[in-house]
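The next block holds one structure in the form of structure tokens; read it before the comments.
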Amino acid sequence: FSPDGNKLYIEFSPVPNKEIDDADIYVVERTDEGWSKPVPVSPLINTPAIERLHCVTADGSLYFTRNLMTRNEEIFVSRYVNGEFTEPEKLGEDYNSENYEVAMLIAPDEEFMLIWQANAQRSSELNVSYKKPDGSWSKRIKAPYYCGGFLALSPDGKYLFFENEGICWVNTSFIDELRPKNLK
């Protein structure tokens, strides 16, 4: 959902009965009658690659992963300017790891990013990264929770919900506690 609750972003294959090797991101908008029909978010975002794991910020920017078939998925951001999405920018090379990003959540104000990642040995962990003053992201810091995916914040931002043998929730105070002193 967009932070204002008026748009719902979804992913699915635009070709019926096709394998999910060409998933794209679509959006539906809240109407007086319910929800609009799904439409592709932008040809700048949807490509022949797999676009998924999307998260929308308060200003409408869309973070998402793209599987370029040359390596693991990489994280991109497309800014929402004057009612249009901009050309997606790939996050820094040291941020896009060799590990597999399984789920992500960006704070509405882009203050932090949570990533659930898995490595080749199928070990997984929840990490947090912080927005630096220059707009780049800090190195990932391991969070004290094992996460199975589907990250979500409560509307007030005080609780993180995630899957781990059921739905779990924790206080988000760990995010501030892990923040490096130079980013406080």
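Laboratory data are not the source of any read-out in this text; all were calculated from the coordinates shown. Only a predicted model underlies this, so the values are computations on that prediction, with no experimental measurement involved. Using ideal geometry, Cβ is built from the backbone for each residue, glycine included, and neighbour counts are taken over all protein chains shown.
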The range 111-184, Cα convex hull volume normalised per residue, Å³: 99 Å³
Entries in LYS37/LYS90; LYS7/LYS131; LYS7/LYS37 that, when Cα-Cα distance is taken, lie over 21 Å: LYS37/LYS90; LYS7/LYS131
Residue-wise HN-Hα coupling along the range 139-151, computed from phi with Karplus coefficients 6.51, -1.76, 1.60 (Hz; x: Gly, Pro): 4, 5, 10, 5, 8, x, 10, 8, 10, x, x, 6, 6
Length added when fully stretched, TRP35-PHE12, from 0.36 nm per residue minus Cα-Cα: 6.6 nm
Given charges at beta-carbon only (K, R positive; D, E negative), |dipole| of the range 42-92 in Debye: 160 debye
5 angstrom amide H check on PHE112, placed H, neighbours 5+ away: ALA107, LYS131
